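The values are calculated or read from the model by the stated rules, or taken from the named source; none is laboratory data. Remember, it's a predicted structure, so these values are computed and weren't measured experimentally. Cβ placement follows ideal geometry from the backbone for every residue including glycine, while neighbour counts extend to all protein chains displayed. Side chains are part of the model used for accessible areas, which takes the heavy atoms of the whole protein and leaves out ligands, DNA and RNA. Shrake-Rupley method; radii C 1.70, N 1.55, O 1.52, S 1.80 Å.
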Amino acid sequence: MKQENIPGAVFLLVKDGKVLYQRGYGFANVARRQAVDPAKTIWRIGSISKVFTATAVVQLADRGRFRLSDDVNRYLTRFKVPPTYPEPVTFQHLLTHTAGFDEIRPGTRAETAAGVLPLGDFLATKLVRLRPPGQTISYSTYGITLAGYLVEQVSGMEFETYLARNVWGPLGMTRTSITVPDSLKRDLALGYEYEGGANKLADWEWYHTIPASSINATAADMGRFIIAHLQNGQYGNTRIMSASAASDMHRQHVTSHQRLAGFAYGFYEEHTNGEQLLEHGGNVEGFSAQLTLIPARGIGFFIASQHEPARLRDVVQSALLDHYFPAPPPVPPTPMPGYRERAARFAGTYELNQFCHTCGADRREYPRIEVKSNSDGTISITGNPQPLVEVSPSFFRRLNGTGGGVAFRADASGRVNLLAGDSWIVFERIK
C-alpha cells in the first residue's frame, strides 16, 4: 500500500466454511480519516458483478425456469439476438464469454444515475454478432449484461430485486446492493486515484451494463458469498442452488486449448503453482478488487482497495499462493519434431480481441503484442521474458518450464490468426 500510495484496503480469507482472517487497512475516507472496517466498509467490486449475474442465471436454471443450453431468443420478447449466424446464442455462451458479440465502446457509461438506461432499452440495438457462438473466447460486457436482462425477463423482477431476494438476502449479505441506500452511504469507501503526487477523489462511474459492472459490497458480505460457492451452494442452513448445479457452475466449460485454463460459468480459471483457481477481478475508476476460490483446498479470499490500476491484489494473491502452496520444480519442455521449421509461421502482430470491430474507432489503446521467430526455432512474445518452444502442434511452453502455455489457431486457409493464453487472454492477428 505504501509503495502504491493506496489510502485503504481490505482482505478477507475463508477456509472450510469459516472466516479465518479479515482485516481493514488504512482509510475508506481520507478527509474524515474513516478507517476501513471489513464488516461495514462498502466497496465497488466492478466486474466481480459478473459472477453474481452468473449465479443468478445458474440458480434460475436449477429451478427449472430454462435450460442453460436453450436459445436465449426463446425468452426475449422486446428484441431478439440477430440471426447473423444459424447457430443460436445460449445461456451457456453468455456465461462463458463465447456468444460472439462485438464489444461496443464507448457507450457503456452514463453521466448520472438518472441517465442509466433500463437494460432492455440499452441492449435493444447493441447486440452485434461478430462470430459464430461457442468458437472463440472474447471477454464480453454485452453477453453478461444480456444474461442479467434475461434474469429480469424470466423472473419478472428487476435485476437488483432478484439478487436481493434470491442471493443477497438468503446469504445475509445485508450491505450488498447496486443502489446503495441512504442509510449506508456513509460507509461507502471513497475512490481515489494517485495523480501529481497526491490521492485525488475519483468520479463515481455509472454503467448501463449493470449486471457486468455495478455491485457494491463489504468484505464480510463477500465472505458469505465465497463460503456458499465453496460449499456447493450452501451457507449454513441456506442453499441458493443445488450441489449438482454448483458443481456444474464451477467446472471448466470452455477453453482456448485443452492445456490452458478456461472459463467456468461466470468465473475464469487460473492454474497457479499446481492449484486450480476460480476467480474474477473488478476495476472501476478509483477501485480495484479480486475474488479468488481454491475449491480443492476449501479456501477463498477477497481483496479490495482504492486505485483502479493498483497491483496490490495481484501481489497479495501471488505471495499467498507462493507461501502456502509453492510451485513444484519446473520441468523444461521437450520440443516437438520440426519445431525449428514451423516457428516462422507464428510470427506477427496480435491485438487483444476485446476491441470494438464495428465502431471504426481508434484502436491504439488496445494491447498489442509482437511474436518474433528466433534463429534457434523458439519464439519471443512481447512482455514475456522467456522464449517459448513448440511442444505439441501450435502449443508452446517457456524454455525454463515455468508458467502455463500459449496456443495458436489457424483459419481455414491455414494462416495462423489467433493467439491464446489462459482464460480470457485471446489475441487476434492483425499483421
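Take the residues of segment 384-397 that are touching a Leu at 6+ places or on another chain (Cβ under 9 Å) and open to solvent by 10 Å² or more (accessible area, probe 1.4 Å): which is nearest to residue 414 (Cα to Cα)? My answer is 397. If you go through segment 327-380 and keep only what is touching a Leu at 6+ places or on another chain (Cβ under 7 Å), among the hydroxyl-bearing types (Ser, Thr, Tyr) and more than 19 Å from residue 402 (Cα to Cα), you end up with 350, 366.
Residues that are more than 30 Å from residue 171 (Cβ to Cβ), of a type in the set (Val, Ile, Thr) and open to solvent by less than 40 Å² (accessible area, probe 1.4 Å) within segment 52-88 comprise just one, 81.
Would it be correct to say that residue 60 is modelled with pLDDT of 95 or more, within 24 Å of the chain's Cα centre (by Cα) and farther than 30 Å from residue 307 by Cα? Considered against the rule, which asks whether it is modelled with pLDDT of 95 or more, within 24 Å of the chain's Cα centre (by Cα) and farther than 30 Å from residue 307 by Cα, residue 60 comes out as yes.
Based on what the data block shows, is residue 77 in contact with a helix residue (DSSP H, G or I) (Cβ under 9 Å, 6 or more places away or on another chain), hydroxyl-bearing (Ser, Thr, Tyr) and more than 22 Å from residue 268 (Cα to Cα)? When the stated conditions are applied, residue 77 passes them.
Checked against the criterion of being of a type in the set (Gly, Ala, Ser), outside any loop (DSSP other than H, G, I, E, B) and surrounded by 13 or more Cβ atoms within 10 Å (Cβ to Cβ), segment 370-383 contains one or more residues that satisfy it.
One line per residue, one yes/no per condition, for (1) of a type outside the set (D, E, K, R); (2) surrounded by fewer than 18 Cβ atoms within 10 Å (Cβ to Cβ):
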{"position": "91", "(1), (2)": "yes, no"}
{"position": "96", "(1), (2)": "yes, no"}
{"position": "104", "(1), (2)": "yes, no"}
{"position": "126", "(1), (2)": "no, no"}
{"position": "138", "(1), (2)": "yes, no"}
{"position": "144", "(1), (2)": "yes, no"}
{"position": "156", "(1), (2)": "yes, yes"}
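Which residues, taken from segment 72-100, are closer than 21 Å to residue 54 by Cβ and among the β-branched types (Val, Ile, Thr)? Spell out how you get there, then give the answer.
Initially, segment 72-100 is screened for residues closer than 21 Å to residue 54 by Cβ, giving 72-76, 81, 88-100.
Result: 72, 81, 89, 90, 96, 98.
When segment 116-142 is limited to residues that are of a type outside the set (Val, Ile, Thr) and outside any loop (DSSP other than H, G, I, E, B), the one that is farthest from the chain's Cα centre (by Cα) turns out to be 121. The residues of segment 398-427 that are in contact with a Ser or Thr (Cβ under 9 Å, 6 or more places away or on another chain), open to solvent by 40 Å² or more (accessible area, probe 1.4 Å) and assigned to a strand (DSSP E or B), listed by number, are 409, 410. With respect to (1) of a type in the set (Lys, Arg); (2) closer than 30 Å to residue 7 by Cα; (3) open to solvent by 60 Å² or more (accessible area, probe 1.4 Å), the lone exception for residue 44 is condition (3). Pairs are defined by a Cβ separation below 7 Å, a sequence spacing of at least 6 or placement on different chains, a first member in segment 222-234 that is of a type in the set (Phe, Trp, Tyr), and a second member that is surrounded by fewer than 23 Cβ atoms within 10 Å (Cβ to Cβ) and at pLDDT 95 or above; the pairs so defined are 225/171.
Can you say whether residue 251 is within 27 Å of residue 66 (Cα to Cα), out of contact with any Pro (no Cβ under 9 Å at 6 or more places or on another chain) and basic (Lys, Arg), as far as the supplied structure shows? Taking the combined requirement at face value, the residue satisfies it. Within segment 71-92, work out how many residues are closer than 19 Å to residue 120 by Cβ and either in contact (Cβ under 8 Å) with a residue 12 or more places away in the chain or in contact with a Phe, Trp or Tyr (Cβ under 9 Å, 6 or more places away or on another chain) (or both). Residues that pass the stated criteria total 13.
Within segment 17-54, how many residues are on the phi < 0 side of the Ramachandran plot and assigned to a strand (DSSP E or B)? Give the steps one after another, and end with the answer.
First pass over segment 17-54, keeping only residues on the phi < 0 side of the Ramachandran plot: 18-25, 27-32, 34-45, 47-54.
Next cut, assigned to a strand (DSSP E or B) only: 18-25, 27-29, 34-35, 42-44.
Adding up the residues that qualify gives 16.
If we scan segment 233-254, do we find a residue that is buried (at least 23 other Cβ atoms within 10 Å of the Cβ) and of a type in the set (Ser, Thr, Tyr)? No - not one qualifying residue is present in segment 233-254.
Among the residues that make up segment 55-63, is at least one of them without any contact (Cβ under 8 Å) to a residue 24 or more places away in the chain and either out of contact with any Leu (no Cβ under 8 Å at 6 or more places or on another chain) or part of a loop (DSSP other than H, G, I, E, B) (or both)? Looking for residues that are without any contact (Cβ under 8 Å) to a residue 24 or more places away in the chain and either out of contact with any Leu (no Cβ under 8 Å at 6 or more places or on another chain) or part of a loop (DSSP other than H, G, I, E, B) (or both), one finds at least one in segment 55-63, hence yes. Note on segment 305-342: residues that are outside any helix (DSSP H, G or I) and of a type in the set (S, T, N, Q) amount to 3.
Residues checked against (1) touching a residue at least 60 places away in the same chain (Cβ under 8 Å); (2) of a type in the set (Asp, Glu); (3) surrounded by fewer than 24 Cβ atoms within 10 Å (Cβ to Cβ); (4) more than 23 Å from residue 231 (Cα to Cα):
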| position | (1), (2), (3), (4) |
| --- | --- |
| 11 | yes, no, yes, no |
| 16 | yes, yes, yes, no |
| 39 | yes, no, yes, no |
| 49 | yes, no, no, no |
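The one condition from (1) in contact with a strand residue (DSSP E or B) (Cβ under 7 Å, 6 or more places away or on another chain); (2) open to solvent by 30 Å² or more (accessible area, probe 1.4 Å); (3) part of a loop (DSSP other than H, G, I, E, B) that residue 261 does not meet is (2).
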